[in-house]
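Okay, so here's the structure we're looking at.
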Amino acid sequence: MFEETFTASEGAAEGKTIGTFVDRMLDQTDPQDLRVFTTWDGFDLVAGVLFSKLVYSEDSRVVMILSPMAVATTRQGEGTGQSLIRHGLEALRSEGVDVALTYGDPNFYGKVGFKSLSLADAAAPLPLSYPEGWIGQSLSGAPFEPLKGDCRCVPALNDPSLW
């Protein structure tokens, strides 16, 4: 579903890149560092979102990054994606995750509480090709405070072509 969705919106090359990335995330990421949330209609996958752990070298807070997110092309515009993200964020909050970050469209993710960040607020694990898309939110109830130190992501996300 991820490959099909990204192929439809971004082209075959991007679809293949994201499909391969999702396969690597699921196969290679320690289950303690990965959360997967999905929406199904019977046996059909409608939407999926993955969150993986980020570690900041000088910060004790628990941080997760949303990447990637996809909604089947036939089901877009129904609010399914936003509902699934809200569900995922609430589950992370209940697990004690302090901060959620993502790298995407601020207009879309702003609808579920993400706000623009600078690299001074939160270092990215790799150089960003679209810095305006670096966004995040506090899940702890406290105001967002800058994350301290260098950032390290899970191996599957440590690919410059994704950033």
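No value in this document is a laboratory result; all are computed from the given coordinates. Computed from a predicted structure; not experimentally measured. Virtual Cβ from ideal backbone geometry, glycine too; neighbours counted across all protein chains shown.
Figures for the structure shown
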quantity: Within segment 112-163, trypsin sites (Lys or Arg not before Pro) in DSSP loop having at most 16 other beta-carbon neighbours inside 10 Å; calculated: Lys148
quantity: Full-extension gain in nm, Ala8 to Ala142, via 0.36 nm per residue minus C-alpha separation; calculated: 44.4 nm
quantity: Neighbourhood charge, 10 Å Cβ-Cβ cut-off, centred on Cys153 and excluding it, Lys, Arg +1 and Asp, Glu -1; calculated: 0
quantity: Fraction in percent of alpha-carbon pairs per bin - 10 Å, the chain; calculated: 10, 41, 39, 10, 0
quantity: Potential lengthening between Thr73 and Gln32 on full extension [0.36 nm per residue; Cα-Cα distance subtracted]; calculated: 11.7 nm
quantity: Residues Ser83 and Asp121, FRET efficiency given R0 of 35 Å [Cβ-Cβ distance, rounded to 0.05]; calculated: 0.80
quantity: Beta bridges per DSSP with both ends in segment 27-163, % antiparallel, nearest 5; calculated: 85
quantity: 15 Å reach of a label modelled at Asn158, 7 Å along Cα-to-Cβ, counting backbone N of segment 21-62; calculated: 25, 28-30, 33, 53-57
quantity: For segment 121-128, Karplus couplings with θ = phi - 60° (6.51, -1.76, 1.60), whole Hz, Gly/Pro x; calculated: 6, 7, 4, 8, x, 9, x, 9
quantity: Inter-label distance for Phe43 and Leu128, nm, one decimal - labels placed 7 Å from Cα along Cα-to-Cβ; calculated: 4.2
quantity: Nearest 10 degrees, 0 to 90: helix 80-95 Cα axis against the chain principal axis; calculated: 40
